[in-house]
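**Q** Got a structure for you, written out below as structure tokens; questions coming shortly.
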Protein chains: 2
Amino acid sequence: MKRVGKHTVMLENRPSVSAYAAVVGKKEGEGKLGSCFDLVSEDDYFSKTTWEQAESEMLSRCFSICCKKAELLPSEPDCIIAGDLLNQCIGTTFALKDTNAPYLGIYGACSTMAEGIAIGAMLLDGGFGENVCAVTGSHFATAERQYRFPLEYGSCRTPTAQNTVTGSGAVMLSREKGCPHVTGVSIGKIADTGIKDTCNMGAAMAPAAFMTLKAHFLETGREPDYYDAIFTGDLGAVGHDILEALLEEEGLKLGTRYHDCGVMIYDGAEGKDRIFGSGCGCCASVLCGHILPEMRAGRLKRVLFAATGALMSPTSSMQKQSIPAVCHAISIENEV
Amino acid sequence: MKRVGKHTVMLENRPSVSAYAAVVGKKEGEGKLGSCFDLVSEDDYFSKTTWEQAESEMLSRCFSICCKKAELLPSEPDCIIAGDLLNQCIGTTFALKDTNAPYLGIYGACSTMAEGIAIGAMLLDGGFGENVCAVTGSHFATAERQYRFPLEYGSCRTPTAQNTVTGSGAVMLSREKGCPHVTGVSIGKIADTGIKDTCNMGAAMAPAAFMTLKAHFLETGREPDYYDAIFTGDLGAVGHDILEALLEEEGLKLGTRYHDCGVMIYDGAEGKDRIFGSGCGCCASVLCGHILPEMRAGRLKRVLFAATGALMSPTSSMQKQSIPAVCHAISIENEV
């Protein structure tokens, strides 16, 4: 790999995306993207009795489907890089504990899919092995219990609050050639602009996306129109507009090629109010259910996938701390 | 790098350990190792008003000292790889949010220091950059509140329970040559032997250490006596003996070269009862305060550093789940 700036390395061996899978919950299956996922649960319990075990089961099934598509046994990846939103990342730990494959746990909140792909692609580029699988997901019910209120309270949502996606994604990265490829990685730094409203994550995370995307364009010498499409993870409508405005001030116009997975995931699934998705599983499931299939079909050739994560906890918020955020961007391209 | 087995890669460019720092709490400063740490806090509050902020301040100071020793500004490492035990890893996030350096968050529980060094060393070996800093730590008071009971309850400890170390470590890995070097990495898989007693982490984690060490010796073709010293992270007395027995059954005798950082950290600091350390900060502070200085002084030439982590959470334990564990081993050597 070759470092082209403080945040960005370009990959010389360009690991390929050899397989991907997305498993989601009932509500996520009801939108326009619904038919693109490998599996949609009927009841979000995934045949388990607790929400946390349901989340693990979802992740486990997603990883299994991805391995099957890659024609690998669950024990065969040289490493699984995974994490989730639950305290101590028990979603992924319990999902993957019987795989018998080397495991590296990561925590990047909703940026986890981009972080996993970044680390995995860089390891493979450096000669680490043949296959590395990046896995992540989130579950609405576990996140509500842990971050907000028990579902039984029936709390109301504020206008800027997002909905944690019940969904998961798994990406198999391989040294063997194939399309698409991971061609570059921009690792973000933590951004904290002092926002404390945990019901407005889009605003808290947009500055992190801004810093990473600005660095990516500057360091690669690319303009936004180099890419057919640019996706952020889960900024929602508020964060989407903030990011667009911040970049425009720098002369970087994203235009109609810019989409946010949090805006896309529930499109068509809403009741009377428009809702936006968040959580590790949001951009992970959109990446694996929609973006990568579009690339493989040749309808998208060059994609920038930028996932953001909010790095606070209920404890830090109760202690009146602000919300630090991070964003990692992955350049995925069809051309070799 | 060159893969020599399912778990192990040997590093060809052998990144060096260019600097290290350890900052600990009051009790950790009272043992035989007390004088080896860079900074010992007088009251474990590190001049902050909440325990969580104290933990962040400790980590921040530790990272700063490490950067200063490496003659780098906090913004200059090509990446910081860090994590801790707190929900959503807020210990490290808030400690490092103003560094202005690219950040990758990891979660490996008490194996975090080994995981950070593993990822960092492999990235540098593959050409990622010049300097990567691995940082982690833990705090007794935040861990008690989060995992067990508020300190004010004055709960009694069971005989096998360990004491979360208030301590932190930071290791600067550099492409530039110097001693010692990271020469190999064995990434563990998750081991779960069904143990559910969260007051006996040593027993829950020893099988993970066994699997990783057995794989390391098998895949490298090395015998335990290749190393001057072998350190596990925080198995305590119970786990230490289990690991020794398990490896002996495989014909691998560790002998007197085997030490556990959890046994070492409070040696000489006890009151009437012998206590053993645990937590990310346990092996991180012993590595940076004792092991690496011993290597630089030439008294240890070849070290195997194997840190274990228990991957459960209070929620998974309340749901009667077992305790999965993981262990990563790092080969650190003075010879080029």
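**Q** Report the local net charge at B:Leu304: Lys and Arg +1, Asp and Glu -1, summed over other residues whose C-beta lies under 15 Å from its C-beta.
**A** My count for the surroundings of B:Leu304 gives -3.
**Q** For segment B:267-325 and segment B:202-228, compute the distance between their C-alpha centroids and round to whole Å.
**A** Segment B:267-325 and segment B:202-228 have Cα centres separated by 16 Å.
**Q** Taking chain A as a Gaussian network, where each spring joins two C-alpha atoms under 10 Å apart, which residue of A:Glu55, A:Glu28, A:Glu144 fluctuates the most?
**A** In the Gaussian network model the winner is A:Glu144.
**Q** Quick one: the Cα spread of segment B:23-107 along its three principal axes, in angstroms, biggest first?
**A** So the extents along the principal axes, rounded to whole Å, are 35, 31, 22.
**Q** At a 1.4 Å probe radius, carbon and sulfur cover how many percent of the accessible area of chain B?
**A** For chain B, the apolar C and S fraction of the accessible surface comes to 50 percent.
**Q** Got the relative contact order for segment A:75-160 handy, in percent, Cα pairs under 8 Å and 6 or more residues apart?
**A** Here the relative contact order equals 35 percent.
**Q** Now a separate question. Taking chain A as a Gaussian network, Cα atoms linked when under 10 Å apart, which of A:Tyr20, A:Tyr266, A:Tyr153 shows the biggest mean-square fluctuation?
**A** Its mean-square fluctuation being the largest, the pick is A:Tyr153.
**Q** How much of B:Leu39 can a 1.4 Å solvent probe reach, expressed as accessible area in Å² and rounded to 10?
**A** Counting only protein heavy atoms, the figure is 60 Å².
**Q** Would you kindly state how much longer the chain becomes between A:Glu76 and A:Thr49 on full extension, computed as 0.36 nm times their sequence separation minus their alpha carbon distance, in nm to one decimal?
**A** Result: 6.7 nm gained on full extension.
**Q** I would also like to ask the following. What accessible area per residue, rounded to a whole number of Å², is obtained for segment A:1-155 using a probe radius of 1.4 Å?
**A** It amounts to 33 Å² per residue over segment A:1-155.
**Q** Scan chain A for the residue whose Cβ is closest to the axis carrying it onto chain B, then write down that distance in whole angstrom.
**A** Its Cβ sits closest to the axis: A:Gly126, 1.
**Q** Say the dipole of segment A:110-220 comes from +1 at the beta carbon of Lys and Arg and -1 at that of Asp and Glu; which of A:Gln162, A:Gly137, A:Ala121 then lies farthest toward its positive end?
**A** A:Gln162
**Q** Take chain B, mark every one of the trypsin sites (Lys or Arg not before Pro) that falls in a DSSP loop and has at most 16 other Cβ within 10 Å, then report the longest stretch left between them, sites excluded.
**A** The segment B:49-147 is the longest one with no such site.
**Q** Then there's this: Decide, for segment A:114-257, between rounded, prolate and oblate: order the square roots of the alpha carbon gyration tensor eigenvalues as a ≥ b ≥ c, take rounded if a/c falls under 1.5, and otherwise choose prolate if a/b is larger than b/c, else oblate.
**A** oblate
**Q** Please report the relative contact order for chain B, taking Cα pairs under 8 Å with a sequence separation of at least 6, and give it as a percent rounded to a whole number.
**A** The normalised contact order for chain B reaches 26 percent.
**Q** Please identify the helices of chain A, taking whole runs of DSSP H, that span at least 24 Å along their own axis as judged from the Cα atoms and have a mean Kyte-Doolittle score of -1.0 or higher.
**A** Sorted by number, the helices that extend far enough and score high enough are A:51-69, A:201-220.
**Q** Could you give, in nm with one decimal, how far B:Gly255 is from each other copy of that position, shortest first, with labels 7 Å out from Cα toward Cβ?
**A** Relative to the other copies, B:Gly255 has label-point distances of 7.1 nm.
**Q** May I ask you to derive the relative contact order of segment A:153-288, considering only C-alpha pairs under 8 Å and at least 6 residues apart, and to give it as an integer percent?
**A** Across segment A:153-288, relative contact order equals 34 percent.
**Q** Could you tell me the distance between the Cα centroids of segment A:237-257 and segment A:103-127, to the nearest Å?
**A** Centre-to-centre (Cα) distance: 26 Å.
**Q** Quick one: with label points 7 Å out along Cα→Cβ, list the inter-copy distances for A:Thr160 in nm, shortest first?
**A** The answer, with the shortest distance listed first, is 4.9 nm.
**Q** Taking B:Lys214 in one copy and the same position in all the others, each labelled 7 Å out along Cα→Cβ, what are the pairwise distances from the first, in nm, shortest first?
**A** So the distances to the same position in the other copies read 5.3 nm.
**Q** Then there's this: Using a 1.4 Å probe on the heavy atoms of the protein chains only, list every residue of segment A:118-141 that has 30 Å² or more less accessible area in the complete assembly than in its chain alone.
**A** A:Ile119, A:Met122, A:Leu123, A:Gly126, A:Phe128
**Q** Ok, one more. Charges at C-beta only: +1 for Lys and Arg, -1 for Asp and Glu. How large is the resulting dipole of segment B:1-151 about its Cα centre, in Debye rounded to 20?
**A** In debye, rounded to 20, segment B:1-151 gives about 420.
**Q** Positive end of the dipole of chain B, charges at C-beta (+1 Lys, Arg; -1 Asp, Glu), about the Cα centre: which of B:His216, B:Leu96, B:Gly83 has its Cα farthest in that direction?
**A** Ranked along the dipole, the leading option is B:His216.
**Q** Mind grabbing the interface size between B and A? I mean buried accessible area, both sides, 1.4 Å probe, in Å² to the nearest hundred.
**A** For B against A, buried area totals roughly 4800 Å².
**Q** With charges set only on the Cβ (+1 for Lys and Arg, -1 for Asp and Glu), what does the dipole of chain A come to about its Cα centre, in debye to the nearest 20?
**A** That gives a dipole near 320 debye.
**Q** Same structure again: Considering the dipole of segment B:1-77 built from charges on the beta carbon (Lys and Arg +1, Asp and Glu -1) around the Cα centre, which of B:Ala19, B:Cys62, B:Ser35 is farthest to its positive end?
**A** Checked the options; the winner is B:Ala19.
The values are calculated or read from the model by the stated rules, or taken from the named source; none is laboratory data. Since we're looking at a predicted model, the values are computed, not measured. Don't worry about glycine lacking a Cβ; one is built from the backbone with ideal geometry, like all the others, and counts go over all protein chains shown. Ligands, DNA and RNA are excluded from the accessible area calculation, which covers all protein heavy atoms including side chains. Shrake-Rupley method; radii C 1.70, N 1.55, O 1.52, S 1.80 Å.
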